[in-house]
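Derivation of every value follows stated rules applied to the coordinates shown; laboratory data play no part. Quick caveat: nothing in here was measured; it's all calculated off a predicted structure. Glycine also receives a Cβ, built like all others from the backbone with ideal geometry; neighbour counts cover every protein chain displayed.
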Amino acid sequence: MAVDTNKESGAESLRKTRTYGKFRCHNPTCMGRLEPKPGDDHVKCPVCTSEFRVAWIKEGFPRIRGPVWEVNKKLAEEAFKKRWGDK
Amino acid sequence: MSLDRKIAYINLTTGDVEVKPIPLDVRRKFLGGRGLDAYLLLNHSEKGCDPLGPDNPLIVSGGILTATCASATARTHVMAKSPLTGLLGSCNMGGFFAPEMAWAGFHHLVIKGKAKKPSYIYIHNGEIQIRDAKNIWGKTTTDAQWAIRDELDDQEVKSLVCGPAGENLVAFANVMTGIKNAGGRTGMGAVMGSKNLKAIACRGTMDINIAHPVEALEYNKRFIDQITSAKVNKTQGTLGTPMIWGATNSWGGVRTRNFQYNQCEYADDIEPEAIDDICEDTMGPYHMSGCFGCQVHCRAQYRIPSGPLKGKYEEGPEYTSQGAFGGETDTPRAETVLVGNHLVDQYGMDNLETGSLISWAMELYEKGIISSKDTDGLDLRFGNDEAVLEMIERICFRKGKVADALANGGIPASKTFGKDSFSYLIQVKGMSNLHSDERATPGLALNIATSSRGSDHLRSRPAIDLYHLPEEVLQKIYGSPIPYDGKLSSEHTEYIGKPWQVFWQENCYMGVDCLGICKYHTTFLGATLPNYEDWPKVLYYNTGLEFTPEELWDISRRCNMIERLFNLREGLTRNDLEKGDMLNHRYFDEPTRRGAIDVVGRVIDKKKFVKMVDEFYEHKGLDKKGNPKTETLKQLGLENEPSHML
């Protein structure tokens, strides 16, 4: 029979890789795991210095609400200038 | 048994109805839902048929698992030749319609012809009537549904309707069911309007026998646990889909001011938590609901909090409305998003296409290609909330030169506006891109370029590519059910391995669309959600049909190839900017200006992009021009299409 009822599928087996209480930095080549303390509403990435506002889905379940606009905008402008000059 | 659900051929010109069973060998080749719809479209339409003519078949379906014990089998699929693109028209929506149609005895409807006067189809326990819609025509999508219930004196009737936009043949009119379940993109509502078909109403109480009911329920508990334990679904069940736009905007993956920026700054007012606060204030703490048989509950409910429409009930907004009426037009105000969402739902108009075209027109206005004379004095500048809402209404009712042109879709409108307006239009195959910006994500750029229905995220997007998953995890996902020994990269700014991921996702999404299951229940936004290894169990317990994961993979490939055959027949050519697998030049020429440090300054490398398309074609079994190789068609059993089995 094609159906093996007891076998764990690949997707099911990946459940153990889930992490709780953390999220990844939104900067693509950084993507460091950030772990805000309970109740924190800001977090700064120690690697790339991006800063984010934090929201809590529930206790122990944080998510990035959005960037700290002024900080990340400045970082973006500097990065753009480095890659493209004054275009 | 769901396998005894039938197919009905309805001719609106003659009033003839023919009902046929769906043979098992057809099921084994195409399963049901979108896959079988694609087969029916290819077999029941002629090359070059007028999308708004009587010969364009409108095909409506549920999946093979619809209304069984399986989880989240709510999806209704609608297919026809698209009046927006002239290629494949296809849309998929949640709600409660497809299960009701299955309980009424049917899995597929093929509707041809044109009714002499406004009509609607009523299906009740195996019986089909064509009824007069004179009291319903002209009504908004929800008023039409409630009027049908009153007329039939049955509040349990579920209807699929077109709104005023469909009646007015707006090329991107939706079909709708319930308050906000939208069959959007590609203009299937306009096809309904062209047939004088206002609605399809269903009421059914016919049992669906389950092949192995105890095992089906037992397994479904396991399936549900897999679904509800996923972090992405826990978030969606709290904040709804706005969390997708919020997260994407955070790193710089959304379109703003048409395509000038890739992040909507200071968008705090439309962030998911802000929208959620409005939902809670206006509807109370328990404001999340869901579609038939779904445990995720990603659908928010709200009342418009302020302004002239204050107090109006609505559902959503989905992330697409945040993008369409907040980000793209640079109007990140909650009231604009919530009212815009309400208007397009009531008019039955695609939010993504509407927002995209308005923001495109705003850029043309900014550049002087269209003027206030063309807009009858409307100040169509970015950031003008009133102009966004006014344009929604004008497009639906085709008021004024600019709105009337936009109602025909972007490419026809560019011919009306002239100059270099086309070069600013962010579209693929004639369908505007959703609100996202793919310049920093080559895999996603390949997805929108090659998607069967035009620039779209729901046909092949490797969304989990954004999660920086370790390569061994990517191998585990993308190396099954068919082994893949190529390299995969955790970096979503990379080009390596993306063609395989897009190919895999294209098949995965076709799989769920054939089953009739929501994409939030598969490898779309979550890496730990069910796919090919899990589906044979659900299928077997509910229908008794046995498939291996590899067989389901082949079915998905076959159905995708049928869609490709349809598009090729209707003129798809690889590098055609209007009908091909090609991106607007701005992806290659204009760097991103905002977002995270490593997102800013990105363009798609054209040479690498062309190489990705080559590789993607190779995975699909296409030649360099994008046509299927003879051996591919033979392997998929499609060498004799159209075969007219049904």
GNM of chain A, Cα pairs under 10 angstrom: of A:Arg33, A:Arg15, A:Arg63, the biggest fluctuation goes to A:Arg15
Specify which residue in the list B:Ile208, B:Asn168, B:Asn220 is farthest towards the positive end of the charge dipole of the range B:123-277, using unit charges on the beta carbon of Lys, Arg (+1) and Asp, Glu (-1), about the Cα centre.
B:Asn168
Measure out, as a whole number of angstrom, how far apart the alpha-carbon centroids of the range B:367-403 and the range B:266-331 sit.
25 Å
Sorted by chain and number, the residues with a modelled amide H under 5 Å from that of B:Tyr261, at a separation of 5 or more or across chains, are B:Thr256
Scalar couplings 3J(HN,Hα) for the range B:484-500 by Karplus 6.51 cos²θ - 1.76 cosθ + 1.60 (θ = phi - 60°), nearest whole Hz, x for Gly and Pro, are 10, 9, x, 7, 10, 10, 6, 7, 7, 8, 8, 10, 5, x, 5, x, 5
Placed amide H near A:Val68: partners under 5 Å, 5+ positions off or other chain:
A:Glu51, A:Phe52, A:Arg53
Pairwise label distance in nanometres, B:Lys634 with B:Thr573, each label 7 Å out on the Cα-Cβ vector:
2.9 nm
Here the whole-number average of other chain Cβ atoms within 10 Å per Cβ of B:528-540 is 4
Computed helical MRE - 222 nm, the protein assembly as shown, DSSP H runs ≥ 4 contributing -39500 (n - 2.57), nearest 500
-11000 deg cm²/dmol
Lys, Arg +1 and Asp, Glu -1 on Cβ, resulting dipole of the range B:237-432 about Cα centre, debye, nearest 20
840 debye
Work out the length of the dipole vector of the range B:435-526 about its Cα centre, built from +1 on the beta-carbon of each Lys and Arg and -1 on the beta-carbon of each Asp and Glu, and round it to the nearest 20 debye.
220 debye
About the Cα centre of the range B:2-203, what is the dipole size in debye to 20, counting +1 per Lys and Arg Cβ and -1 per Asp and Glu Cβ, all else neutral?
440 debye
If you average 1/r over every pair of different alpha-carbon atoms in chain B and take one over that average, what Kirkwood value in Å do you get?
24.3 Å
With an 8 Å cut-off on Cα pairs and a minimum separation of 6 or more residues, tell me the relative contact order of chain B in percent.
16 percent
Cβ-based exposure ranking for B:Asp513, B:Asp330, B:Asp16, in which fewest neighbours within 10 Å come first
B:Asp16, B:Asp330, B:Asp513
Going by Cα centres, the range B:431-494 and the range B:42-90 are how many Å apart?
25 Å
Checking the a/c ratio against 1.5 first, then a/b against b/c, what shape does the Cα gyration tensor give for the protein assembly as shown?
rounded
If each residue's Cβ is checked for other Cβ atoms within 10 Å, how do B:Met510, B:Met349, B:Met206, B:Met561 rank with the fewest at the top?
B:Met206, B:Met561, B:Met510, B:Met349
Using only Cα atoms, find the angle between the long axis of helix A:69-84 and the longest principal axis of chain A, and express it within 0 to 90 degrees, rounded to the nearest 10.
80 degrees
Neighbour net charge for A:Thr17 - beta-carbon separation under 12 angstrom, K R +1, D E -1:
+3
Name the residue farthest towards the positive end of the dipole of the protein assembly as shown from the options B:Val600, B:His468, B:Gly63, assuming +1 on Cβ of Lys and Arg, -1 on Cβ of Asp and Glu, about the Cα centre.
B:Val600
List the residues whose amide H sits under 5 Å from the amide H of B:Phe106, counting only those 5 or more places along or on another chain, with H placed 1.01 Å from N in the peptide plane.
B:Lys6
Relative contact order (%) - criterion: Cα under 8 Å, at least six apart; region: the range B:584-646:
16 percent
Taking θ = phi - 60°, what integer Hz values does the Karplus form 6.51 cos²θ - 1.76 cosθ + 1.60 yield along the range B:513-525, in sequence order, with x for Gly and Pro?
5, 6, 6, x, 9, 5, 5, 6, 9, 9, 6, 10, 9
Between rounded, prolate and oblate, where does the range A:19-84 land on the alpha carbon gyration tensor, with a ≥ b ≥ c its root eigenvalues, rounded for a/c under 1.5, else prolate if a/b exceeds b/c?
prolate
³J(HN,Hα) across the range B:382-390 via Karplus (A = 6.51, B = -1.76, C = 1.60, θ = phi - 60°), whole Hz, x for Gly/Pro?
4, x, 8, 4, 4, 5, 4, 5, 5
Arranged by the count of other C-beta atoms within 10 angstrom, fewest first, what order do B:Met243, B:Met431 take?
B:Met243, B:Met431
If the label point is 7 Å along Cα→Cβ of B:Lys373, which residues in the range B:382-403 have backbone nitrogen under 16 Å from it?
B:401-402
Highest GNM mean-square fluctuation among A:Ala76, A:Ala11, A:Ala55, for chain A with Cα springs under 10 Å, belongs to A:Ala11
Given B:Lys399/B:Lys419; B:Lys579/B:Lys607; B:Lys231/B:Lys312; B:Lys81/B:Lys367, which pairs have Cα atoms separated by over 27 Å?
B:Lys231/B:Lys312; B:Lys81/B:Lys367
